[in-house]
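Worksheet: one structure, shown below.
The values are calculated or read from the model by the stated rules, or taken from the named source; none is laboratory data. Fair warning: this is a prediction, and the values are worked out from it, not measured in the lab. Neighbour counts are summed over all protein chains in view; Cβ atoms, including those assigned to glycine, are modelled from backbone coordinates with ideal geometry. For the accessible areas, the whole protein counts, side chains as well, though only heavy atoms, and no ligand, DNA or RNA atoms are used. Shrake-Rupley method; radii C 1.70, N 1.55, O 1.52, S 1.80 Å.
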Amino acid sequence: MNGDGISDMEYDSKRGIERFHRDGFEVVPAVLSPQECGAMVEALESIENELPAGDGRRRVASQVHLRDPIFESLIDRSPCVDMAEQMLGFDHGTVDGPPPDSNCHVINMTSITARPGDPGLRWHMDDVLMLPRPADVPWDERIRFPVFVVTAMHYLVDVGHDIGALMVVRGSHRSGRKPDAVDPCYEGRGPEEVHVKAGDCLLLHHQLWHSALPNRGAHARHMVQVHYAARFIAPRLYPFPHRHVPVPTLERLTPRQQRLLGMHRMFREYC
């Protein structure tokens, strides 16, 4: 499934943003080439021994862009970063002031490798419930539900039912409550699977109810996530108090990538 069945050649990011606001997620097709996917899978395999083992089936890494330079290209990969910046809003300044600066920055980049036998994930939403609301109080459709965090989930392999597909409940980001652990349902809509191809990117609203099926397939599910957020939300780069970006990395990044990693205009001018 790819949003409303949009093909790679006719993808329209403006319509994609509208679907994101409506459904709480959007699949952007063919963001990465097959060659890039293969190279990134190799990079994840090579750094696997550095990652927490968990139960032996799932490996998760924080700050993956500092583990291998190949992942730096995902920081500002279009059209995903452009869509995230637009959805997170902009600070336009004053007429006589400095040029506009984006309200968007990267709070983390993580990788997930789920090997055969991985049990999947329970129903949840990312982070805390930000706009709680009783179930009998409907959301006013005249008000666009706010976006504070957008996760760009870059899939490096084809993912269907057997490999541990993502499960979502459309529109549940506007529910104002946490999902039922067994049978989540919002406005008559229940769970559905999201199938993707290698190279696709799934943009996820941080309040959307989602889970992951077990990996009952023959190969691992590899994914790299870029977590974009409004600037008032602090980075989540482990180890939190001691995080830093090495100077060689900063010098290698483009000005836009530097800004997305926290080098906003005020810091470039005064620090």
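Close Cβ contacts (under 9 Å, 6 or more residues apart or on different chains) running from residues in segment 101-112 that are more than 16 Å from M153 (Cα to Cα) to residues that are assigned to a strand (DSSP E or B) and modelled with pLDDT under 90 comprise D101/F90; D101/D91; S102/F90; S102/D91; N103/F90; N103/D91; C104/F90.
Scanning segment 186-206 for residues that are surrounded by fewer than 21 Cβ atoms within 10 Å (Cβ to Cβ), modelled with pLDDT of 95 or more and not in a strand (DSSP E or B) returns G190, P191, H195, K197, A198, H206.
Within segment 187-209, residues that are in contact (Cβ under 8 Å) with a residue 24 or more places away in the chain and of a type in the set (K, R) sit with their Cβ atoms under 8 Å from residues that are surrounded by 20 or more Cβ atoms within 10 Å (Cβ to Cβ) and in a strand (DSSP E or B), at 6+ positions apart or across chains, in these pairs: K197/Y155. When the criteria are applied in full, D126 fails the requirement of being open to solvent by 20 Å² or more (accessible area, probe 1.4 Å), in contact with a Leu (Cβ under 9 Å, 6 or more places away or on another chain) and either more than 18 Å from F148 (Cβ to Cβ) or at pLDDT below 90 (or both). Contact map, segment 14-27: residues that are within 15 Å of A152 (Cα to Cα) and touching a residue at least 40 places away in the same chain (Cβ under 8 Å) paired with residues that are of a type in the set (D, E, K, R) and open to solvent by less than 10 Å² (accessible area, probe 1.4 Å), Cβ distance under 7 Å, separation 6+ or inter-chain. Pairs shown: G16/E26; F20/E26.
State all residues of segment 87-119 that are modelled with pLDDT under 90, charged (D, E, K, R) and open to solvent by 50 Å² or more (accessible area, probe 1.4 Å); if no residue qualifies, say none.
Keep residues of segment 87-119 that are modelled with pLDDT under 90, which gives 89-103.
Now narrow it down to the ones that are charged (D, E, K, R): 91, 96, 101.
D91, D96 - these are the residues of segment 87-119 that are modelled with pLDDT under 90, charged (D, E, K, R) and open to solvent by 50 Å² or more (accessible area, probe 1.4 Å).
Per the listing A165, A84, A152, the residue uniquely open to solvent by less than 10 Å² (accessible area, probe 1.4 Å), modelled with pLDDT of 95 or more and in contact with a Lys or Arg (Cβ under 8 Å, 6 or more places away or on another chain) is A152.
The set of residues in segment 155-169 that are farther than 9 Å from V196 by Cβ and acidic (D, E) contains only D162. For segment 168-185, how many residues are open to solvent by less than 20 Å² (accessible area, probe 1.4 Å), in a loop (DSSP other than H, G, I, E, B) and in contact with a helix residue (DSSP H, G or I) (Cβ under 9 Å, 6 or more places away or on another chain)? Of the residues in that region, 2 qualify.
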